[in-house]
Structure formats: C-alpha cells, structure tokens
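Presented below is the structure to which this report refers.
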C-alpha cells in the first residue's frame, strides 16, 4: 500500500525554505500520493465554440471532429456539447480521447488555434481545470483588485493594491530569491532565481510548483501560454562526474535550456551563438548588445525560433523541438525578426499559419529588404525593398493587425539622417504597405496602442547619449482617418508636443490612455497622462480623425526609473529602483487620470511588478453588454466602496468609544479603592486641602489683611552733556 502524506500540513513541509540543498519531500509526495484524478486524463475541455441550436449541433461536431482527429482518436459519441435553457449550445464541449497522451497532444496543438474567422479554440485538460482552481491560478478577493510583487532589500512580498490605503500583504518572505523575481505571462507563477536554478511558486499558500535546475542561471523567459520555459546562463553547463538531476552529458557546454513546465524536464539545450560584428556607416565596429530573448515564440507557442544573425532563422516545432528546416531558413544578411503576437486572420486565408517579419540590410548592390513569412509553409507573403538604410526596427501591433518598420535612412553623403515609418496592413488583402511622411528628426521611441490602431513616437534633433541632461525631444501622436464602414483609413499626424524631455511611452493595456514620461534621469521626471478619446469637443482640424487628444494631468516622481500599468488599465505604478539609482527609492500609485493616490518610500526597493491576468473568457458580445450597462455595475461597486468606508469609519468610532468607556470604568474603580485605603490608614483623602485648612485656622480673627507695596527703580540709560 502506498504511503499517504495527507496527515502533513503545508507548514510541516517547510515550503518557505527555498534552499535547494535542503531535504524536500514534495517530489516523493507527488509520486506516492493517491491520484484521485486518474481516469480523467484522457478528457479535454474545448471553449470558444460558436453558439448553435440543437439542429445545427451535429454539423458543428463533424466540423470540430476533423481538427480533433489530427492529433489523436475520438468519435462523435465521445464529444459532449452542453445546451443552455435557451435551446442553444453553451459554447464549450467535453471530448474524450483514446489516451492521456493524445489529450495532452490536443492541448499543445489546438489551444488558441482559429476554428474560423470569428472563433478561436481554447483547449485544456479536464484535470487541469480542477488543478488550476485548486492552485489558485489568479487570486480574486471579490473587489476586482490586482496584485503586485515587490522585491526590497532581502525580502520579497506579494500585495493587494488598495488604491489610497496602504498595500495589503498577501505573503512576504526573506531570501525568496537570489537575483530577481518575474511573473509568468498569465500570472500563474512567480519566478525566483538562484545559483542552483529557477523555481516557480503559486497557489493559495504560495508553495513551490516547479523547479528547473540550471546552474548559475542569469535570465529566464516563458512561452506565451506558459507551457515552456527558456533559461540562460553565461557560464556553459558543466555536468559533474556524479551526474545531474535533470541534465545529461549532451547538455555539457550549453548555455540555453528549453524546459517543459508541466513535466519539469528539459526538451533541448543550445550553445551560445557568436553575434557577427556590425559596422557603422564609417566601417567602425558598433558595440554589440546581448540579444534577449534569444528564442522567440509564435503566438500559440507551437513554434520557437532563433536568429543566426547574418545567415538564417532556425524554427523549431514544439514539443519535439525538431527543426522545420534542417539547416535553418536561409535569409542572407538577416539582422532581426519578430513573431506576430497574435494568431493572424488574414483576409481570404483559411489554413493554419503563424507569421514573422524580418529585415536584411543592403548587401552590395542589393537593397535592404523587409519580409513577412508564413509558417509552416515558409512562404514570403509580402516583401518591401528599401534604400539608403542605416538601421531598422520592427514593431508589431498587439492584435497582429499591423506591423511598423521604423527605417533610419541616411543621405548620399551620410551626413544627415531621416526616419520613415513603413506600416504593413497584415489583415488586408495583399498586405498593403503605407508610408508615413518622412520624419527629419531621429525617432528614439515608437509604441502602438494595444488592441488599437494609433501610435506615438518620440523624436529628437540632438545626439542620444546617457548624459545628466536629457535631450530635447518632441512627442507626436498619429491615428487613422475616419472612413465609411469598418475599414481603417490612412494614418495621419494628430498632434506634436515640442520642447519636451520625454523618452518613454507607456500605453494602458486596454488602449485609449497613454503616459509619456522621462525616466532614468535626475534632471527631469515628468509623467504626462493623455486621453486619446477625450469626450469633449474636437478641434476643427481633427474632426476627420479617429482620436481626440487631451492632456489630463502632469505628475512628477523624482528619480523615477520604471513605470507600469496594472492589467486592468485603472492604475499606474512608478518606482525608483535601487538597482538603477540609490536616492529616494520608493513607489507612487496613480489612477488612469494621473491623480496620485499614494506615495510610499521603500528603502532598497529593487522591483515592483504587477501580476498579469489571463485573457477574459467572456465573448465579445458579453463584453459589449457589460460596457453598455457599465453605469449600473459602477453604482453597485461604488455603493460597496462607500459601505466599506462607512463600516471602517464606524469601526474606528466604536473602537474609540470602547477605549473611553474602559478608561472611565478603570478610573471610577481606582477612586473607590483610594477612598477605602485612606479610611483604613486614617489619612485624609486630599492631604493638600487639609493642610491649607489647618493654616487658615492659625490666623487670628482680628488680624486684618495687610498689603505691602514695594517700589523698585532701575536706571536704563545715563548720559553726560557739557553745556557751554
């Protein structure tokens, strides 16, 4: 009979001790614990299905079955699609596969895959649904608050954001990490980094969920769906003679390891690649930056790719980590690439694909080129030739509707430089490219609006260098023109703000609001809060544009080094990290309008990171209904806030009244005891009064009271004057 560990409490397991050299029985517990979920591992839950009637259901099941059988074996009678009281399906289904391995393959291959233009599948194992609920995938306190992690001194803590009130601690531990902390993309795990490797923490009691023993790890990166993890160390792996708990001799001398988070096992390791030296326009070597992340993920995490700068891009298919092309996809001179951050839905394309864009410099008489490639077909679906290119940067919009190439161009004499913005409209037929007017100044920052079609740039005429005095900059806002129907018009310049020192752009994750700031500088620390959809009257010149810009507030945070919006888009945190500057470390919390809600100095504050939230499970129609009735929901929440504040005030008053009553009771009791003691000892209750009474009795009755008056003279100044 297998031993049971049910009698052990979480605190008995000493989960707070994160030293990997200590004895840890969690692995044994997992191995020998009775698996009550056994028998359900072959089931998956598929969400995101269309809403259909009972008559339409068989047709949908047959259509769905074609995709399900690409990764395993199932049948129509093994697909259960619940129906609602309105006679329509509830937009999810339970599916049973022939084996747990096939169910796991379905999750990896079909999760976030488009079923059609309007529906994207979300596939999870049935056992994971219960497990995620047990582990507390994302905590919710019923008040819609968000959490953040703070690393200060040697302590790491997770806190609830309480607006104007001090942050409410959830958990706090000393020496929780040795290097830094990091959230996983959906907020499921908190990552700690140690000399022995990486650990993932989560659940209601913040216990260790996974660990990955990569010695002397420096950096980590997750796949978008949290299925995989990349670890990197600048020290090549050295396998000792006695062996390693997870790695083998094949991993010896490697720097990167890609892990399967579910199993905790390595999938493949890689050595460090040498980056070829780049030359500037004068033939001088440019300083090389370490590329991170070195491995980039497709939106659905089905592919991961690595750049071999100057020659090729290696694309690997998960989970087997086999290369899509044996020696990589050859692209002469390739300098950089980037995956589309969302699964594309191009006009007229019904087959599965993921996209990445890349650029190559001018080589000999060949022009520079920007390309858009479809995977797995490896077809270049759009390319653009460019001339007189000094550098290029690739910027995807969050929904993969556009990507912008910021092209720095030089004149024939190479003495002057200008910037053009080449915008690829990915979802439109043929992927047309729009060129935004040439910008004479240097563009030092570009940022798309999340889930939107507007962008902001920051430009300067001065050399960009790390100096005490920030360069003078301009901030320009762009948006599309209004058009008839659902099409997006051409991008037009909305407004430019001159004579600024701004160098950073921070969009709300929900779009509309944006903070323009100056960070990493001791001379300037402004944070400007803008609304791109101000509800006031538009200027005459802006009436044909899809934006109405309004400056809501200007805040100042001396020494600010970092700014981050919370996942809801309601609050902004700014902080001064001791890693970047030593003075006045601490953080500020603002609302989306720029009103400061609280300020907290924190000695040796290193990091403050909001906990991400997974995408909503509500359909677009349900989200529209909520927005339509937002005022009604707001009244409910406002009343709850008022009740909570009033209850807090009442509690304070009651506490003070209780203290006053206790004081009055104690004083009355003490006075009674004093009277009793005086009677027993035969002493007066008020000795001073008795003494005065006795002195008054000694005065003769015929002796009148006499008043004695004293006159005092004092010479303030004396002068002598001789008169002739």
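The values are calculated or read from the model by the stated rules, or taken from the named source; none is laboratory data. Please read these numbers as outputs of a predicted model, since none were measured by experiment. Cβ atoms come from the backbone with ideal geometry, glycine included; neighbour counts cover every protein chain shown.
Would you pick out the residues in the range 584-601 that are assigned to a loop (DSSP other than H, G, I, E, B), surrounded by fewer than 19 Cβ atoms within 10 Å (Cβ to Cβ) and at pLDDT 95 or above?
Of everything in the range 584-601, those that are assigned to a loop (DSSP other than H, G, I, E, B), surrounded by fewer than 19 Cβ atoms within 10 Å (Cβ to Cβ) and at pLDDT 95 or above turn out to be 593, 595.
Inside the range 362-379, can you point out the residues that are modelled with pLDDT under 95 and crowded, with 16+ Cβ neighbours inside 10 Å?
Across the range 362-379, the qualifying residue is only 362.
Looking at the structure I just gave you, is residue 656 in a helix (DSSP H, G or I) and either modelled with pLDDT of 75 or more or within 30 Å of residue 92 (Cα to Cα) (or both)?
yes
Strands (runs of 3 or more DSSP E) wholly in the range 152-267 with at least 3 residues that are under 16 Å from residue 607 (Cα atoms) and at pLDDT 95 or above - which ones?
155-160, 168-174, 181-183, 190-194
Select, from 204, 185, 245, 224, the only residue that is more than 22 Å from residue 612 (Cα to Cα) and touching a residue at least 12 places away in the same chain (Cβ under 8 Å).
Only one candidate qualifies: 245.
If I filter the range 514-532 down to residues being touching a strand residue (DSSP E or B) at 6+ places or on another chain (Cβ under 8 Å) and in a loop (DSSP other than H, G, I, E, B), which single residue comes out as farthest from residue 473 (Cα to Cα)?
Taking the range 514-532 first, the residues touching a strand residue (DSSP E or B) at 6+ places or on another chain (Cβ under 8 Å) are 514-519, 525-532.
The next check asks that each one be in a loop (DSSP other than H, G, I, E, B); those that pass are 518-519, 525, 532.
Numbers: 518: 10, 519: 13, 525: 14, 532: 20 Å.
Per the criteria, the residue is 532.
How many of the residues making up the range 541-566 are surrounded by fewer than 17 Cβ atoms within 10 Å (Cβ to Cβ) and assigned to a loop (DSSP other than H, G, I, E, B)?
Number satisfying all stated conditions: 3.
So is residue 239 in contact with a helix residue (DSSP H, G or I) (Cβ under 9 Å, 6 or more places away or on another chain) and not assigned by TED's automatic domain parsing to the domain that holds residue 354 or not? So that I can check it myself, show each step before the final result.
Working: in contact with a helix residue (DSSP H, G or I) (Cβ under 9 Å, 6 or more places away or on another chain): yes; not assigned by TED's automatic domain parsing to the domain that holds residue 354: yes.
So residue 239 fits the description; yes.
Among the residues of the range 504-513, is any touching a helix residue (DSSP H, G or I) at 6+ places or on another chain (Cβ under 9 Å) and surrounded by 16 or more Cβ atoms within 10 Å (Cβ to Cβ)?
No: the range 504-513 contains no residue that is touching a helix residue (DSSP H, G or I) at 6+ places or on another chain (Cβ under 9 Å) and surrounded by 16 or more Cβ atoms within 10 Å (Cβ to Cβ).
Here is a list of conditions, (1) surrounded by 17 or more Cβ atoms within 10 Å (Cβ to Cβ); (2) within 21 Å of residue 461 (Cβ to Cβ); (3) in contact (Cβ under 8 Å) with a residue 60 or more places away in the chain, and residue 419 meets all of them except one; can you say which number that is?
(3)
Among 107, 123, 61, which is assigned to a strand (DSSP E or B), touching a strand residue (DSSP E or B) at 6+ places or on another chain (Cβ under 8 Å) and either surrounded by 12 or more Cβ atoms within 10 Å (Cβ to Cβ) or modelled with pLDDT under 85 (or both)?
123
For residue 522, which of the numbered conditions (1) touching a residue at least 40 places away in the same chain (Cβ under 8 Å); (2) at positive phi; (3) surrounded by fewer than 18 Cβ atoms within 10 Å (Cβ to Cβ) fails to hold?
For residue 522, the failing item is (2).
Could you list, ordered by first residue, the pairs with Cβ atoms under 8 Å in which the first is in the range 86-103 and at positive phi and the second is in a loop (DSSP other than H, G, I, E, B), at least 6 apart or interchain?
Once the first residue is at positive phi and sits in the range 86-103, its partners that are in a loop (DSSP other than H, G, I, E, B) give 87/54; 91/48; 91/49; 91/50; 91/51; 91/619.
Residues being part of a strand (DSSP E or B) and either modelled with pLDDT under 90 or surrounded by 19 or more Cβ atoms within 10 Å (Cβ to Cβ) (or both): count how many of those fall in the range 297-326. Outline the logic, then answer.
Pass one, the range 297-326, residues part of a strand (DSSP E or B): 297, 303-308, 312-317, 322-323.
Applying the additional criterion that residues be either modelled with pLDDT under 90 or surrounded by 19 or more Cβ atoms within 10 Å (Cβ to Cβ) (or both) yields 297, 303-307, 313-316.
So the answer is 10.
What do you reckon, is residue 506 touching a residue at least 40 places away in the same chain (Cβ under 8 Å), part of a strand (DSSP E or B) and under 28 Å from residue 623 (Cα atoms)?
For residue 506, the condition - touching a residue at least 40 places away in the same chain (Cβ under 8 Å), part of a strand (DSSP E or B) and under 28 Å from residue 623 (Cα atoms) - is met.
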